[in-house]
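Just below is one structure, and these are the notes that go with it.
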Amino acid sequence: MSKNKPLSHYVPKFSSKYWADDSQFVSYLFCEHTSSVKKTSKGRKQWGRKRGLYSWDIENSLDRDLETKVAPVYEKLVAISELDENERLLWAQFLLSQLVRTPSYMKYEAKIRDIHNTTTVPQHDRVGCQQCGDLAFVANRDWCLILAHKDDYFVRTDNPVLQSGFIERPESCLFYPLSPRLCFVACSMPNSWNAFTHKPNATIGYEANKGWAHFINFQLAKCAGESLIISPDHDSEIADRMFNDILGSYPQPPFSLHILSDISDLDTAYDSIRRIMSITDNYKYPEWNDCEFEPLYQRHQE
């Protein structure tokens with residue numbers, strides 16, 4: 001019966017191919033049986049997938065209505081090319097969809113439904129739409145593309161988007177490695193930012209200082225669900241030490257599970273998300289602290 005369910009790539013194959021050599025990735029994976037991190041090789045199509053994660057309707061809609069359309073936009077960003085307005089909206093849709101389609105997010109979502117005894121699902125489950133108002137919170141931020149120092153690299157995790165806070169808030173930002181060499185950032189903005197009226201600047205790009213990519217890799221690995229991939233060319237003793245120690249230690253908080261009404265609700269919202277994660281994972285998570293992301297904040301320009 002289970003074989004009739006789709007084998008869903010919650011991290012699309014086209015977005016992860018850059019981490020593979022001719023045949024495989026190197027994957028760091030948390031093993032629940034030994035409570036330790038294992039390192040293994042994975043074929044180019046064998047990572048970032050799970051059977052039965054979505055229905056066939058959602059699987060087909062992701063392919064038809066999103067991934068087929070966004071794949072050339074992805075290649076355009078990798079080539080460090082500017083996107084037009086429609087492409088920006090499509091890219092925003094892809095990032096927000098990627099946040100809510102991972103096993104980690106869906107686990108927390110299922111716990112909330114269980115607590116509230118509800119079976120309600122979003123109208124555009126996992127796929128989103130180009131008419132959704134939430135897209136403005138990504139599309140109308142200023143963007144940058146960061147090239148890793150020649151001695152550094154970026155990893156890809158099973159929670160591939162690193163989101164620093166509630167998307168409605170100007171101080172939040174999103175990091176999304178496009179390849180081992182390049183990372184996309186939807187920047188934090190000044191406090192005066194209005195997502196629905198701001199006209200974003202042209203996308204900027206620069207090379208990061210040596211070591212900065214490893215700082216982001218640390219954050220990415222910490223926010224993973226249970227695995228990440230690294231290019232075989234970049235696997236090293238440093239990677240072994242880092243990823244064995246912190247992989248999945250504080251999974252990406254599912255911020256969109258809490259509707260943020262106004263800034264006075266901010267502390268309550270963060271605590272609500274933390275408690276859902278703690279109940280689900282049977283682990284008392286500390287308060288979420290985004291100060292570590294501050295090197296890229298633009299809010300200090302005010």
Evaluate the relative contact order of the range 114-236 (contact order divided by residue number), counting alpha-carbon pairs under 8 angstrom at least 6 apart; express in whole percent. 35 percent
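Once the other residues with Cβ under 14 Å from the Cβ of GLY205 are scored (Lys, Arg +1; Asp, Glu -1), what is the net sum? Mind dumping the intermediate values first?
Numbers: positive: LYS76, ARG181; negative: GLU82, ASP142, GLU207.
With Lys, Arg at +1 and Asp, Glu at -1, the neighbours total -1.
Starting with the fewest neighbours, write out CYS31, CYS183, CYS173, CYS129 ranked by other beta-carbon atoms found within 10 Å of each beta-carbon.
Lowest to highest Cβ neighbour count: CYS31, CYS129, CYS183, CYS173.
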Suppose only helical runs count, i.e. DSSP H with n ≥ 4. What mean residue ellipticity at 222 nm does that imply for the chain under -39500 (n - 2.57) per run, divided by all residues and rounded to the nearest 500 deg cm²/dmol? -9000 deg cm²/dmol
Quick check on the range 1-107: take the gyration tensor over C-alpha atoms, sort the square-rooted eigenvalues as a ≥ b ≥ c, and tell me if it's rounded (a/c under 1.5), prolate or oblate. oblate
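Could you calculate the FRET efficiency of ASP240 with GLU32 from 1/(1 + (r/R0)^6), where r is the beta carbon distance between them and R0 is 22 Å, rounded to 0.05? Kindly include the intermediate steps, with their values, before the conclusion.
Values: r = 20 Å, r/R0 = 0.91.
It comes to 0.65.
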By the Cα gyration tensor axes a ≥ b ≥ c (a/c under 1.5 gives rounded; else a/b larger than b/c gives prolate, otherwise oblate), the shape of the range 2-301 is rounded
What ranking do HIS214, HIS9, HIS116 get, fewest neighbouring Cβ atoms within 10 angstrom at the top? HIS116, HIS214, HIS9
Which whole DSSP H helices in the chain pass both tests: a Cα extent of 15 Å or more along the axis and a mean Kyte-Doolittle value no lower than -0.5? 68-78, 85-100, 212-222, 266-281
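Using the Cα gyration tensor of the range 132-251, with a ≥ b ≥ c the square roots of its eigenvalues, what is the shape: rounded (a/c below 1.5), prolate (a/b larger than b/c) or oblate (neither)?
Numbers: a/c = 2.65, a/b = 1.70, b/c = 1.56.
It is prolate, given that a/c is not under 1.5 and a/b is the larger ratio.
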Within 10 Å, at most 12 other Cβ atoms, and a DSSP state outside H, G, I, E, B define an exposed site. Report the longest part of the chain free of exposed chymotrypsin sites (Phe, Trp or Tyr not before Pro). 1-195
Listing ILE246, ILE230 by rising number of other beta-carbon atoms within 10 angstrom, fewest first, gives ILE246, ILE230
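If Lys and Arg each add +1 and Asp and Glu each add -1, what is the summed charge of the other residues whose beta carbon sits under 14 Å from the beta carbon of ASP22?
Details: positive: LYS17, LYS42, ARG44, LYS45; negative: ASP21, ASP233.
Around ASP22, the charge tally is +2.
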Once R0 is set to 35 Å, what does the formula 1/(1 + (r/R0)^6) return for the Cβ-Cβ distance between LEU147 and SER261, expressed as a FRET efficiency to the nearest 0.05? 0.35
Just to be sure I understand the model, the point goes 7 Å from the Cα along the line to the Cβ. What's the resulting ASP233 to GLN46 distance in nm? 2.2 nm
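Please work out the FRET efficiency for the pair ASN201 and LYS69, using the Cβ-Cβ distance as r and a Förster radius of 25 Å; give the result to the nearest 0.05.
Numbers: r = 25 Å, r/R0 = 1.00.
Working from the Cβ atoms, E equals 0.50.
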Given labels modelled 7 Å from the Cα in the Cβ direction, how far is it in nm from LYS107 to TYR283? 0.8 nm
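Around LYS284, with a cut-off of 12 angstrom between Cβ atoms, what is the net charge of the other residues, counting Lys and Arg +1 and Asp and Glu -1? Please report the intermediate quantities before stating the final value.
Working: positive: ARG274, ARG275; negative: ASP281, GLU287.
Overall, the nearby charge balance is 0.
Computed from the coordinates by the stated procedures, all read-outs in this text should not be read as laboratory data. This one's a predicted model, so the numbers in the text were calculated from it and none came from an experiment. With ideal geometry, Cβ positions are generated from the backbone for all residues, glycine too; neighbour counts draw on all protein chains shown.
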